[in-house]
Amino acid sequence: MITELGHFALILAFLVAIVQMVVPLVGAHKRWPGWMAVAEPAATSQFLLTAAAFGALVHAFVTSDFSLSVVVQNSHSAKPLLYKITGTWGNHEGSMLLWVLILTLFGAMAAWFGGQLPPTLRARVLAVQSAIAVAFFAFILFTSNPFARLAVPPFDGQDLNPLLQDPGLAFHPPFLYLGYVGLSICFSFAVAALIEGRVDAAWGRWVRPWTLASWSFLTIGIGLGSWWAYYELGWGGFWFWDPVENASFMPWLFAAALLHSAIVVEKREALKSWTMLLAILAFGFSLIGTFIVRSGLLTSVHAFANDPERGVFILAILVVFTGGALTLFAARASAMQAKGVFGIVSRESALVANNILLAVSSFVVFVGTMWPLLAEMFFDRKLSVGAPFFNFAFTPFMIVLGLILPLGSMLAWKRGKVGRTARTLAPAFGLAVALAGLVWAMQTGRSLIGPIGVFLGTWLVAGTLTDLWSRTGKSGSVARLFRLPRADWGKTVAHAGLGITMLGVAGLTAWESEDIRVAQIGERFEVGAFELELVDVQEVEGPNYFSTMGEVIVRQGGDEIARLFPEKRNYPVARMPTTEAAIDYRFMRDLYVVIGDAQDNGGWVMRTYIKPLANWIWAGCIIMALGGALSLSDRRFRIATGEKKTAARAVPAE
């Protein structure tokens with residue numbers, strides 16, 4: 001009964017979305033207040049109905065309702081409760097329902113917190129948001145129905161992909177979706193403003209909180225996915241340039257560019273056209289990511305679906321919304337004339353450079369991701385584009401971005417002076433050079449990655465702290481420092497987080513060491529400054545798997561500092577093995593141990609890695625997201641432009 005109610009709620013949400021797409025848009029065009037007012041209750045109803053449908057699907061997974069096809073394919077009665085719940089979105093159909101739930105959530109939030117928006121703009125934003133929802137409701141109901149029944153239910157299910165049965169991946173998709181689905185509201189604001197024919201400072205202020213929230217969630221989601229890949233896959237890496245990883249990274253880069261560009265629109269009423277284009281492209285690349293993950297055209301360790309028909313449907317959605325928005329953008333270009341004038345040396349110019357670097361680097365990732373497919377389609381050649389291409393083509397843009405970021409953030413608006421700013425940043429630059437020189441001296445004969453990474457990371461952290469301190473004035477009062485707006489603190493924390501992540505990437509890439517051997521039980525062996533001993537190997541039975549678990553004692557200087565339990569699991573229902581690395585997490589390094597297969601001589605294959613600064617990568621992601629949250633909590637973001645200011649602006653003719 002609950003399943004049928006969920007299915008009915010989904011259909012009803014689809015019908016409400018159609019009404020919300022049409023009625024407010026007509027009302028805004030005709031200036032009919034009653035029709036425009038339909039948008040707000042419709043947005044709330046649409047979200048509540050979708051939440052009811054999603055709740056019904058969660059109930060089906062928790063109760064192991066094997067009359068549903070999606071539950072049979074992605075669950076099992078012996079699976080732990082956490083993974084029964086997360087199995088709801090650990091598949092194509094359920095994840096698409098989560099996708100639409102978050103889409104309608106952002107639409108409802110725009111209705112709840114958009115009271116200060118001009119009525120016509122609010123109605124158009126909610127109508128465009130609902131148009132996106134209509135497309136995805138249709139996609140779910142006609143091609144990916146999560147409530148599809150089986151005529152003869154089996155006794156038990158086929159289990160969830162064992163790689164997905166992990167706490168890190170349980171929370172990774174919701175945060176990721178909150179990020180790149182959240183960019184839909186930025187897209188809706190852009191299209192609504194283009195329809196209205198007005199882009200001004202107020203629009204920049206309205207769109208910034210939504211962009212900031214989406215970027216922060218996306219940062220957390222990408223960080224969780226990277227951490228999961230690090231410890232779960234057993235490869236020990238943090239980023240593999242996998243197509244699905246790239247699918248979330250490209251919108252993140254565009255969202256970062258949009259966030260900085262919207263600042264210029266708000267402060268100087270400049271870069272209007274560029275900001276509109278970024279808002280369209282950010283969500284467009286979210287749709288491209290959805291297409292990559294669900295079309296089956298590109299293979300990945302964590303792709304959701306491989307049905308070309310579904311891929312064609314998503315491709316049609318991508319073409320209609322992105323193509324339609326770009327067409328409207330071209331038609332309305334004359335309405336987005338910049339008012340603010342700025343010099344070549346100014347904060348505006350630095351933000352333009354920031355945007356260009358982020359956008360071009362995203363296109364580089366896009367070309368590397370899609371080129372194998374294009375080469376096969378048009379040239380009948382099978383190519384593989386891997387990490388060497390991405391590292392070579394992408395890294396220079398990030399180096400330049402890291403170099404200009406502290407300087408650009410301290411330049412004055414409209415017209416700045418490089419000399420004055422450079423003198424303020426001289427101590428930060430000197431510290432960065434000194435640390436890079438120290439690293440170079442300590443690792444003579446090794447890669448330049450370490451010194452360059454230490455320089456960039458230190459330069460970013462020290463530079464952004466210098467920027468924050470400079471805002472206290474000549475007195476340098478600590479009390480005044482804590483009275484600065486939260487947005488200033490948020491910017492500092494986010495930029496420092498990026499620097500910490502750069503330090504972690506450099507440390508792990510440049511100084512990682514690896515040891516592979518056949519270890520006998522009771523044998524002691526050295527890896528770097530550590531002594532390891534494989535004490536025992538046992539067969540362990542879990543709730544829905546069998547495990548070969550090793551016990552490893554780690555000593556340093558003769559003292560035991562850790563006891564690790566690496567595993568190799570086998571899931572009999574899914575017929576799939578997984579590697580569970582054992583990691584001793586420390587501030588300056590990780591000790592990473594993986595156990596392999598038994599050998600004929602009685603030993604066991606063991607891989608041991610020493611990973612310097614590994615935790616700094618994910619700590620930096622958390623700090624970046626924290627910076628976004630601090631900025632979002634700024635009072636100026638929570639208070640929309642007042643009615644008096646809005647009314648003073650000219651209302652364009654329809």
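Just to be sure before I move on: is ALA213 within 19 Å of TRP618 (Cα to Cα), assigned to a helix (DSSP H, G or I) and at pLDDT below 90 in the structure I sent?
Working: within 19 Å of TRP618 (Cα to Cα): yes; assigned to a helix (DSSP H, G or I): yes; at pLDDT below 90: no.
When the stated conditions are applied, ALA213 does not pass them.
Find the strands (runs of 3 or more DSSP E) located wholly in the range 553-594 whose residues include 2 or more that are surrounded by 14 or more Cβ atoms within 10 Å (Cβ to Cβ), in contact with a Pro (Cβ under 8 Å, 6 or more places away or on another chain) and not small (Gly, Ala, Ser), and list them.
Passing ranges, in order: 567-571, 576-580.
Would you mind finding the one in ALA108, ALA42, ALA133 that is touching a residue at least 40 places away in the same chain (Cβ under 8 Å) and either among the acidic types (Asp, Glu) or touching a Leu at 6+ places or on another chain (Cβ under 7 Å) (or both)?
Working: ALA108 fails: either among the acidic types (Asp, Glu) or touching a Leu at 6+ places or on another chain (Cβ under 7 Å) (or both); ALA42 fails: either among the acidic types (Asp, Glu) or touching a Leu at 6+ places or on another chain (Cβ under 7 Å) (or both).
Result of the check over ALA108, ALA42, ALA133: ALA133.
I want to confirm something. Restricting to the range 192-219 and keeping residues that are crowded, with 24+ Cβ neighbours inside 10 Å and of a type in the set (Val, Ile, Thr), which single residue is nearest to GLY324 (Cα to Cα)?
Applying the filter and picking the extreme gives VAL199.
Here's a check for you: in the range 149-191, which residue that is surrounded by fewer than 19 Cβ atoms within 10 Å (Cβ to Cβ) and among the aromatic types (Phe, Trp, Tyr) is nearest to VAL71 (Cα to Cα)?
PHE155
Taking the condition of being surrounded by 12 or more Cβ atoms within 10 Å (Cβ to Cβ) and either of a type in the set (A, V, I, L, M, F, W, C) or over 26 Å from VAL341 (Cα atoms) (or both), how many residues in the range 407-428 meet it?
9
Checking VAL38 against (1) surrounded by fewer than 24 Cβ atoms within 10 Å (Cβ to Cβ); (2) touching a Pro at 6+ places or on another chain (Cβ under 6 Å); (3) over 20 Å from SER188 (Cβ atoms), which test does it fail?
(3)
State whether the residues of the range 389-405 include one that is exposed (fewer than 14 other Cβ atoms within 10 Å of the Cβ) and in a loop (DSSP other than H, G, I, E, B).
Within the range 389-405, not a single residue is exposed (fewer than 14 other Cβ atoms within 10 Å of the Cβ) and in a loop (DSSP other than H, G, I, E, B).
Checking VAL594 against (1) free of Cβ contacts under 8 Å to residues at least 12 places away in the same chain; (2) in contact with a Gly (Cβ under 8 Å, 6 or more places away or on another chain), only one condition comes out false. Which one?
(1)
Read through the list (1) over 26 Å from ALA330 (Cβ atoms); (2) touching a residue at least 12 places away in the same chain (Cβ under 8 Å), then give the number of the only condition that ARG208 fails.
(1)
Just to be sure, is LEU411 at pLDDT below 90, in the same structural domain as PRO251 (by TED's automatic domain parsing) and either among the aliphatic types (A, V, I, L, M) or farther than 23 Å from GLU245 by Cβ (or both)? Talk me through it step by step, then tell me what you get.
Numbers: at pLDDT below 90: yes; in the same structural domain as PRO251 (by TED's automatic domain parsing): no; either among the aliphatic types (A, V, I, L, M) or farther than 23 Å from GLU245 by Cβ (or both): yes.
Here the answer is no, as LEU411 does not meet what is asked.
Of GLY542, GLY550, GLY497, which residue is under 30 Å from ARG423 (Cα atoms), under 35 Å from the mean Cα position of the chain (by Cα) and small (Gly, Ala, Ser)? Reasoning before the result, please.
Values: GLY542 fails: under 30 Å from ARG423 (Cα atoms); GLY550 fails: under 30 Å from ARG423 (Cα atoms).
It is GLY497.
Provide a single number: the residues in the range 499-535 that are over 15 Å from LYS611 (Cβ atoms) and among the acidic types (Asp, Glu).
Qualifying residue count for the region: 4.
Mind checking whether some residue in the range 28-48 is in contact with a Ser or Thr (Cβ under 9 Å, 6 or more places away or on another chain), farther than 30 Å from ALA193 by Cβ and in a helix (DSSP H, G or I)?
No: zero hits.
Restricting to the range 359-388, name every residue that is β-branched (Val, Ile, Thr) and either surrounded by fewer than 13 Cβ atoms within 10 Å (Cβ to Cβ) or within 23 Å of ALA279 (Cα to Cα) (or both).
Going residue by residue through the range 359-388, those that are β-branched (Val, Ile, Thr) are 360, 364-365, 367, 369, 385.
Those that are β-branched (Val, Ile, Thr) and either surrounded by fewer than 13 Cβ atoms within 10 Å (Cβ to Cβ) or within 23 Å of ALA279 (Cα to Cα) (or both): VAL360, VAL364, VAL365, VAL367, THR369.
Among the residues of the range 461-469, is any touching a residue at least 60 places away in the same chain (Cβ under 8 Å), part of a helix (DSSP H, G or I) and within 25 Å of the chain's Cα centre (by Cα)? Can you show your working first?
Initially, the range 461-469 is screened for residues touching a residue at least 60 places away in the same chain (Cβ under 8 Å), giving 466-467.
Then keep just the ones that are part of a helix (DSSP H, G or I); that gives 466-467.
From what's left, within 25 Å of the chain's Cα centre (by Cα): none.
Looking through the range 461-469, none of the residues is touching a residue at least 60 places away in the same chain (Cβ under 8 Å), part of a helix (DSSP H, G or I) and within 25 Å of the chain's Cα centre (by Cα).
Does the range 235-294 hold any residues that are within 17 Å of THR322 (Cβ to Cβ) and basic (Lys, Arg), and which are they?
Once the filter is applied, which keeps residues that are within 17 Å of THR322 (Cβ to Cβ) and basic (Lys, Arg), the range 235-294 yields only ARG294.
Within the bounds of the range 509-525, is there any residue that is surrounded by 21 or more Cβ atoms within 10 Å (Cβ to Cβ) and of a type outside the set (D, E, K, R)?
Let us first name the residues in the range 509-525 that are surrounded by 21 or more Cβ atoms within 10 Å (Cβ to Cβ), namely 519.
Pick out the ones that are also of a type outside the set (D, E, K, R) and you get 519.
Yes: one or more hits.
For the range 470-503, what are the residues that are polar (S, T, N, Q) and assigned to a helix (DSSP H, G or I)? Please lay out each step first, then the result.
Applying the first criterion (polar (S, T, N, Q)) to the range 470-503 yields 470, 472, 475, 477, 492, 501.
Answer for the range 470-503, where residues must be polar (S, T, N, Q) and assigned to a helix (DSSP H, G or I): SER470, THR492, THR501.
Would you pick out the residues in the range 1-13 that are surrounded by fewer than 22 Cβ atoms within 10 Å (Cβ to Cβ) and in a helix (DSSP H, G or I)?
Going through the range 1-13, the residues surrounded by fewer than 22 Cβ atoms within 10 Å (Cβ to Cβ) turn out to be 1-5, 7-9, 11-12.
Within the range 1-13, ILE2, THR3, GLU4, LEU5, HIS7, PHE8, ALA9, ILE11, LEU12 meet the criteria.
Residue-by-condition table, conditions (1) surrounded by fewer than 20 Cβ atoms within 10 Å (Cβ to Cβ); (2) assigned to a helix (DSSP H, G or I):
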residue	(1), (2)
HIS59	yes, yes
GLN73	yes, yes
SER77	yes, no
VAL100	no, yes
LEU103	no, yes
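So for the range 113-123 (the condition being in contact with a Phe, Trp or Tyr (Cβ under 7 Å, 6 or more places away or on another chain), touching a residue at least 12 places away in the same chain (Cβ under 8 Å) and within 30 Å of VAL265 (Cβ to Cβ)), does at least one residue qualify?
Taking the range 113-123 as the starting set, the residues that turn out to be in contact with a Phe, Trp or Tyr (Cβ under 7 Å, 6 or more places away or on another chain) are 117.
Adding the requirement that they be touching a residue at least 12 places away in the same chain (Cβ under 8 Å) leaves 117.
Checking the rest, the ones that are also within 30 Å of VAL265 (Cβ to Cβ) come to 117.
Yes, the range 113-123 contains a residue that is in contact with a Phe, Trp or Tyr (Cβ under 7 Å, 6 or more places away or on another chain), touching a residue at least 12 places away in the same chain (Cβ under 8 Å) and within 30 Å of VAL265 (Cβ to Cβ).
Scan the range 48-61 and report the pairs whose first residue is assigned by TED's automatic domain parsing to the domain that holds ILE11 and whose second residue is modelled with pLDDT of 95 or more and polar (S, T, N, Q), with Cβ atoms within less than 9 Å and a gap of 6+ or a chain change.
LEU48/THR104; LEU49/THR104; THR50/THR104; ALA51/THR104
The values are calculated or read from the model by the stated rules, or taken from the named source; none is laboratory data. Quick caveat: nothing in here was measured; it's all calculated off a predicted structure. Positions of Cβ are backbone-derived with ideal geometry, glycine not excepted, and every protein chain shown enters the neighbour counts.
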